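Let me begin by presenting the structure, written as structure tokens, before commenting on it.
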Amino acid sequence: MSYTVQVLPEATQEVGEILAYYEGEKPGLGHRFQHALNECYQSLAMNPSGQKRKGDFRHAMVHKFPYRVVYEVRGQLVLIYQVRHTRRKPHSKFGP
């Protein structure tokens, strides 16, 4: 069974900022981050229930980067709320 992954506007904005930062640090690094993030999204589309959970929200790690994807599963839909650096202070609603 495959789920539909929907990235909300706030998360899309965060991803844009992350990509700009990584490209500024080293050309091509933003592309590597985008590839790792897309793999994370594809994994969530196949099996979103196998991740850490805080209430209704789940957290998936982005491979080789210090970011987690905060999402919720609603039926066949995976809603991406945040792409958050692991060293940031935990969000009061979404957790760490």
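Read-outs: derived from the displayed coordinates by stated rules, not from any lab. Values in this document were obtained by computation on a predicted structure and should not be read as measured data. Cβ sites come from the backbone with ideal geometry, for glycine too, and all protein chains shown count toward neighbours.
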Using 0.36 nm per residue of separation minus the Cα-Cα distance, give me the extension gain between D56 and E10 in nm, one decimal. 14.7 nm
State whether the stretch 19-93 is rounded, prolate or oblate according to the following rule on the C-alpha gyration tensor (a ≥ b ≥ c being the square roots of its eigenvalues): a/c under 1.5 gives rounded; otherwise a/b larger than b/c gives prolate, and the remaining case gives oblate. oblate
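On a full-extension model of 0.36 nm per residue, what is the gain between M46 and E72, subtracting their alpha-carbon distance, rounded to one decimal in nm?
Numbers: separation 26, 0.36 × 26 = 9.36 nm, distance 1.41 nm.
Length gained between M46 and E72: 7.9 nm.
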Cβ-derived FRET efficiency at R0 25 Å, M1 paired with R88, nearest 0.05: 0.15
Given points 7 Å out from each Cα along the Cα-Cβ axis, report the E39 to K64 separation in nanometres with one decimal. 0.6
